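> Take a look at this one; I'll ask things after.
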Amino acid sequence: MGEGRLTVRKAWILAGAATAAGLSFVMLLVVGVYIIAGNLTNGVGGRSVGLAKGAVPAAYQALVQKWGNLCAAIDPALLAAQLYQESGFNPNAKSPAKAQGIAQFIPGTWATHGIDGDGDGDRDVWDPNDAIPSAATYDCELASYVKKVPGDPTHNMLASYNAGAYAVIKYGGVPPYRETQNYVKTITTLAKSFAAPVTRVDPSEQAAGAIYFAQKKLGTPYLWGGNGTPEQGGRFDCSGLTKAAYESVGITLPRVANDQYNAGPHPSRDQLLPGDLVFFSTDPNNSRAIDHVGIYVGGGYMIDAPRTGAVIRFDPIDTRKYFGATRVTEDGAKALPTRV
């Protein structure tokens, strides 16, 4: 992205009030965000079978869409959230507990619940064409075990996955185990970042503070791998800047851009609000290929740390690499796995 005069002039028009007014910029931005959002409805509505653009790698999207509708207790977004939580969509993932493949089945569970999803005559835990259908059928089997238990069928299914169906039956719903309750909340929250929103989504209350942090860094030289530490001269790369900006308002994001994409629901281009993270990729069908992120400030511009040799600056978002956006939420960020 170039540094033409028009871009720079517009950038400093946008920045002028912020620089002059200091913290008053934050209050003005908060008011602006909520005026824009005054008629928005509450977040992602209900359970959706639509997947957000590119949230699931194209190689697996049809499988997740198909098998995510296998029973009423799951949907494609929930199935995608489980796969992302387990392996980050890596079909070769291994864990110290000997869990294997994209769905992280341990050998004993695979022996009982693995199916030949593609009908080629074998059950291969390393083949997503078998493992993804097996994950869906296992979810639905668990749901059938606890179908008479009061409460939300999906919550009961997830609790069965974590604590066993017996515990769900014993307690008449999600058992009072902190780990199990956190697991249910984590997966259902994470699913919102894989679902195509069916309504507009709420603005982030922390958006103004994140922008205020980023605009104070304008002009800082880029550093690949930079986290803004004193040893690094306060320099950042793109995802280091967005991570630090949201950390300044109490939200911890993952370090890399393609994981930051899953920190909340995904507004469309015409629904962007200041504070949304905007993402760029060479592959429009795969969020795992995202290679750049910035913080949207309005008017078609973002603050970003673009590349080696450049400085943190305003750039237009409407380029051929524009992938999509995320409205960061506290729960969405907390739901993200620490490693994928």
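The values are calculated or read from the model by the stated rules, or taken from the named source; none is laboratory data. The structure presented is a predicted model; accordingly, all values stated were derived computationally and were not measured. Every residue, glycine as well, gets a Cβ built from its backbone with ideal geometry; the counts of neighbours run over all protein chains shown. Accessible surface areas use protein heavy atoms only, side chains included; no ligands, DNA or RNA. Shrake-Rupley method; radii C 1.70, N 1.55, O 1.52, S 1.80 Å.
> Taking 25 °C and 0.890 mPa s as the conditions, I'd like the Stokes-Einstein D for region 96-242 in µm²/s, using the Kirkwood hydrodynamic radius from alpha carbon pairs. Mind dumping the intermediate values first?
Numbers: Rh = 19.1 Å.
After rounding, the answer is 128 µm²/s.
> Please compute the per residue accessible area over the chain with all protein chains in place, 1.4 Å probe, rounded to a whole number of Å².
Values: 15380 Å² over 340 residues.
Solvent-accessible surface per residue comes out at 45 Å².
> Going by alpha carbons, how many degrees (0 to 90, nearest 10) lie between the helix axis of 76-87 and the longest principal axis of the chain?
Here the helix axis deviates by roughly 90 degrees.
> Something else about it: Run the helix sum for the chain: -39,500 (n - 2.57) per DSSP H stretch of 4+ residues, divided by residue count, reported at 222 nm to the nearest 500 deg cm²/dmol.
Details: 13 runs with 139 residues, N = 340.
Helix contribution divided over all residues of the chain: -12500 deg cm²/dmol.
> Here's a follow-up. Mind ranking Lys185, Lys243 by accessible surface for me, highest first, 1.4 Å probe? The partial results should precede the final answer.
Values: Lys185 110, Lys243 45 Å².
Of Lys185, Lys243, the descending order of accessible area is Lys185, Lys243.
> Using packing as a proxy for protection, rank 306-319, 254-267 so that the peptide with the highest average count of other Cβ atoms within 10 Å comes first. Write out the running numbers ahead of the final one.
Numbers: 306-319: 15.9, 254-267: 23.0.
Per-residue Cβ counts within 10 Å, averaged per peptide and sorted highest first, yield 254-267, 306-319.
> In the chain, which Cys residues have no partner Cys with a Cβ closer than 4.7 Å?
Cys238
> Once phi is turned into θ = phi - 60°, what whole-Hz ³J(HN,Hα) does the Karplus curve with 6.51, -1.76 and 1.60 give for every residue of region 53-70, x standing for Gly and Pro?
Along region 53-70, the couplings run 3, x, 5, 9, x, 3, 5, 10, 4, 5, 4, 5, 5, 5, 6, x, 9, 5 Hz.
> Net charge near His292, counting Lys/Arg +1 and Asp/Glu -1 over other residues with Cβ under 11 Å of its Cβ? Walk me through the numbers on the way to the answer.
Working: positive: Arg307, Lys321; negative: Asp237, Asp291, Asp304, Asp315.
Here the charged neighbours net out to -2.
> Turning to a different aspect of this structure: In the chain, what percent of the accessible surface is made up of carbon and sulfur (1.4 Å probe, ligands and nucleic acids excluded)?
On the way: 8320 of 15380 Å².
Ligands and nucleic acids excluded, carbon and sulfur reach 54 percent.
> Which of the three applies to region 54-97, rounded, prolate or oblate, going by the alpha-carbon gyration tensor with a ≥ b ≥ c and a/c under 1.5 meaning rounded?
Numbers: a/c = 2.43, a/b = 1.50, b/c = 1.62.
Taking the square roots of the gyration eigenvalues as a ≥ b ≥ c, region 54-97 is oblate.
> Would you mind getting me the FRET efficiency between Thr319 and Trp126? Use the beta-carbon distance for r and R0 = 45 Å, nearest 0.05. Show your work: numbers first, answer last.
Numbers: r = 37 Å, r/R0 = 0.83.
Efficiency, rounded to the nearest 0.05: 0.75.
> Semi-axes of the equivalent ellipsoid for the chain, please: Cα gyration tensor eigenvalues, times 5, square-rooted, ordered largest first, whole Å.
Rounded to whole Å, the semi-axes are 40, 21, 17.
> Hey, another quick one. What per residue convex hull volume, in Å³, comes out for region 58-179 when only alpha-carbon positions are used?
105
> Count the net charge of all other residues whose Cβ sits under 15 Å from the Cβ of Gly228, scoring Lys and Arg as +1 and Asp and Glu as -1.
For residues surrounding Gly228, the net value is +1.
> Which order, highest average first, do 84-90, 58-64 follow once you tally other Cβ atoms within 10 Å for each residue and take the mean per peptide? Don't jump to the answer; show the numbers that get you there.
Working: 84-90: 20.4, 58-64: 17.6.
My ranking of the peptides, most packed first, is 84-90, 58-64.
> Okay, moving on. Checking the table Lys148/Lys185; Lys147/Lys192; Lys98/Lys321; Lys66/Lys147; Lys98/Lys148 against a 31 Å threshold on Cα-Cα, which pairs fail? Present the calculation step by step, with values, prior to reporting the outcome.
On the way: Lys148/Lys185 21 Å; Lys147/Lys192 24 Å; Lys98/Lys321 38 Å; Lys66/Lys147 22 Å; Lys98/Lys148 33 Å.
Checking Cα-Cα distances, Lys98/Lys321; Lys98/Lys148 exceed 31 Å.
> Then there's this: Within the P(r) computed for region 209-311, what percentage of the Cα pairs occupies the region above 23 Å? Before the final figure, lay out each step's value.
Numbers: 987 of 5253 pairs.
Percentage above 23 Å: 19.
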